[in-house]
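K.L.:
My questions will all concern the structure given below.
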Amino acid sequence: MSWPDSIHAGETEQPEPLVRRVLAPNPSPYTYTGTQTWIVGAGKDVAVIDPGPDDAAHIDAILRAVGEARVKAILCTHTHRDHSPGSRPLAVRTGAPIMGCAPLVLADDGPRADAAFDPLYAPDHVMGDGETVAGDGWTLEAVATPGHTSNHLCFALLESGALFTGDHVMKWSTSVVSPPDGNMGDYMASLKKLYEREQDRVYYPAHGPAAENPHQLVRGMMGHRKAREKQILKLLTEAGPVAVPAMVDVMYKGLDPRLHGAAERSVLAHLFDLEQRGEALRSAAATDQGEAAWMPA
């Protein structure tokens, strides 16, 4: 199978007997080719994971892929606008309950580089860590993975060893961790949690290709974040007090300008985590541009 360009928006692909994906028409620097909605089940009923944006053509495509089966549950990994808004029109058309992550409405502390939150998300049932929902030949278990957002869940398909990872782990890109809701300490703990799971055979993210060597991928992601942390501490020691934009200029040479804001948010998340651990602190003085400056503790 060719990932992820083997299908176009509105088309369906089946990577394994119990799993199908439908690609939404929302490509961007943050969503790659678009949101991948996952349909789980091959019998009389199915679950739909991350119905995506509130886009009529995409909802129609999901229902075509579902066919004659009953939608038993609509599951959301988290409440960014490219993941959960489609739950409402899909619930209206199928009568299925909206389940999964908790609702979240957050007043942000600055411009976001990631997708905005969905303030209208209203689940019929919030799933706790380890809770399951089952249908005809399939069982999905919620795996709490806060970090990218505080309410992020993954879903494990117990029958096949597949894990639907939302935005927590993606093969094509690292996840944006954007304060105040995104938390780097939580994100690293959630990566460790997945790394210690031996039962996951493959990861199906909401964006980009499947990860067929998931433990190797997670180990690399943890190493990447630790390397970024060391890079930040080195910059603070050599050049501090220093502001986040200046750090990004040094740390992300050649970065697509459209992703500069995302890089700033992730660096800020690292700094907040380092501050909490007593390894960095905010300078009493701001830079000439009015940015908060950071220094080693």
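K.L.:
Would you kindly state how much longer the chain becomes between Gln276 and His260 on full extension, computed as 0.36 nm times their sequence separation minus their alpha carbon distance, in nm to one decimal?
P.N.:
Working: separation 16, 0.36 × 16 = 5.76 nm, distance 2.45 nm.
My answer for the length gained is 3.3 nm.
K.L.:
Rounded to whole Hz and in sequence order, give me ³J(HN,Hα) for segment 117-130 from the Karplus expression 6.51 cos²θ - 1.76 cosθ + 1.60, θ = phi - 60°, writing x for Gly and Pro.
P.N.:
Ordered by residue, 3J(HN,Hα) equals 6, 9, x, 9, 4, 9, x, 6, 8, 8, 8, x, 4, x Hz.
K.L.:
Moving on to the next point. For the pair Arg219 and Met295, what calculated FRET efficiency results from E = 1/(1 + (r/R0)^6), where r is the Cβ-Cβ distance and R0 = 35 Å, to the nearest 0.05?
P.N.:
Numbers: r = 31 Å, r/R0 = 0.90.
Efficiency for this residue pair is about 0.65.
K.L.:
Right, next: Out of Tyr32, Thr132, Leu75, whose Cα points farthest toward the positive end of the dipole of the chain (charges: +1 Lys, Arg; -1 Asp, Glu; placed on Cβ)?
P.N.:
Tyr32
K.L.:
GluC sites (Glu not before Pro) within segment 10-88: which are DSSP loop residues with at most 11 other Cβ atoms inside 10 Å?
P.N.:
On the way: sites: Glu11, Glu13, Glu68; in loops: Glu11, Glu68.
For GluC sites (Glu not before Pro) across segment 10-88 that sit outside H, G, I, E and B with at most 11 neighbouring Cβ atoms in 10 Å, the list reads Glu68.
K.L.:
Viscosity 1.306 mPa s, temperature 10 °C: give me the Stokes-Einstein translational D for segment 225-296 in µm²/s, with Rh taken as the Kirkwood radius over C-alpha pairs. List each step's numbers first, then the result.
P.N.:
Values: Rh = 12.2 Å.
In µm²/s, the coefficient rounds to 131.
K.L.:
Now a separate question. Run the dipole for the chain about the Cα centre, Lys and Arg Cβ at +1, Asp and Glu Cβ at -1, nothing else charged, and hand back the magnitude in debye, nearest 20.
P.N.:
Working: 26 positive and 38 negative charges, 76 e Å.
The dipole of the chain has a size of about 360 debye.
K.L.:
Another question, then. What order do you get for Trp294, Trp172 when you list them from fewest to most C-beta neighbours inside 10 Å?
P.N.:
Listing Trp294, Trp172 from fewest to most nearby Cβ atoms yields Trp172, Trp294.
K.L.:
Continuing with this model, one more query. For an R0 of 51 angstrom, estimate the FRET efficiency from the Cβ-Cβ distance between Arg64 and Met251 and round to the nearest 0.05.
P.N.:
0.70
K.L.:
Could you tell me the calculated FRET efficiency between Leu158 and Ala239, based on Cβ-Cβ distance and R0 = 35 angstrom, to the nearest 0.05? Spell out each step's value before the answer.
P.N.:
Numbers: r = 50 Å, r/R0 = 1.43.
Taking R0 as 35 Å, the efficiency between Leu158 and Ala239 is 0.10.
K.L.:
Roughly speaking, what is the centre-to-centre gap between segment 208-270 and segment 1-74 when only Cα atoms are used, to the nearest Å?
P.N.:
Using only Cα atoms to place each centre, the spacing works out to 31 Å.
K.L.:
I want the local charge near Val250. Using Cβ-Cβ distances under 14 Å, sum +1 for each Lys or Arg and -1 for each Asp or Glu among the other residues. Could the numbers behind the result be given before it?
P.N.:
Details: positive: Arg228, Lys230, Lys234, Lys253; negative: Glu238, Asp249, Glu264.
My count for the surroundings of Val250 gives +1.
K.L.:
Still on this structure, please answer the following. Just rank Arg277, Arg20, Arg197, fewest to most, by other beta-carbon atoms within 10 angstrom. List each step's numbers first, then the result.
P.N.:
Values: Arg277 11, Arg20 21, Arg197 15.
Lowest to highest Cβ neighbour count: Arg277, Arg197, Arg20.
K.L.:
If you take every residue apart from Ala162 with its C-beta less than 15 Å away from the C-beta of Ala162, what net charge results, scoring Lys and Arg +1 and Asp and Glu -1? Working shown, then result.
P.N.:
Details: positive: Arg20, Arg21, Lys171, Arg197, Arg201; negative: Glu13, Glu16, Asp50, Glu141, Glu159, Glu198, Asp200, Glu212.
Result for the local shell: -3.
K.L.:
Could I ask something else about it? Using the Kyte-Doolittle scale, find the helices of the chain whose mean hydropathy is at least -0.5 and whose Cα atoms extend 20 Å or more along the helix's long axis, counting only whole DSSP H runs. Don't jump to the answer; show the numbers that get you there.
P.N.:
Working: long enough: 214-239 (37 Å, -0.67); 260-276 (24 Å, -0.14).
Counting only whole DSSP H runs, the qualifying helices are 260-276.
K.L.:
When all alpha-carbon pairs of segment 12-212 are counted, what percent fall beyond 30 Å? Let's see the in-between values first.
P.N.:
Numbers: 2203 of 20100 pairs.
Within segment 12-212, distances greater than 30 Å cover 11 percent of Cα pairs.
K.L.:
Once phi is turned into ³J(HN,Hα) by the Karplus curve 6.51 cos²θ - 1.76 cosθ + 1.60 with θ = phi - 60°, what whole-Hz value does each residue of segment 25-37 show in order, with x for glycine and proline?
P.N.:
Values, residue by residue: x, 9, x, 6, x, 9, 10, 6, 7, x, 6, 9, 8 Hz.
K.L.:
Still on this structure: Considering amide H positions built from the backbone, and no H for Pro or chain starts, which residues 5 or more places from Thr139, or on another chain, come under 5 Å of its amide H?
P.N.:
Those qualifying (amide H under 5 Å, at least 5 residues apart or on another chain) are Leu158, Glu159.
K.L.:
Taking other Cβ within 10 Å of each residue's Cβ, how do Cys101, Cys76 sort, fewest first?
P.N.:
Working: Cys101 26, Cys76 31.
Placing the least packed residue first, the sequence is Cys101, Cys76.
K.L.:
Counting Lys and Arg as +1 and Asp and Glu as -1, what is the net charge of the other residues whose Cβ lies under 14 Å from the Cβ of Val19?
P.N.:
On the way: positive: Arg20, Arg21, Arg201; negative: Glu13, Glu16, Asp50, Glu159, Asp200, Glu212.
Its environment carries a net charge of -3.
Where a number appears in this text, it was derived from the coordinates with a stated rule and is not lab data. Predicted, not measured: the structure shown is a model, and the values here were computed from it. FYI the Cβ positions are ideal-geometry reconstructions off the backbone, even for glycines, and counts take in every protein chain you see.
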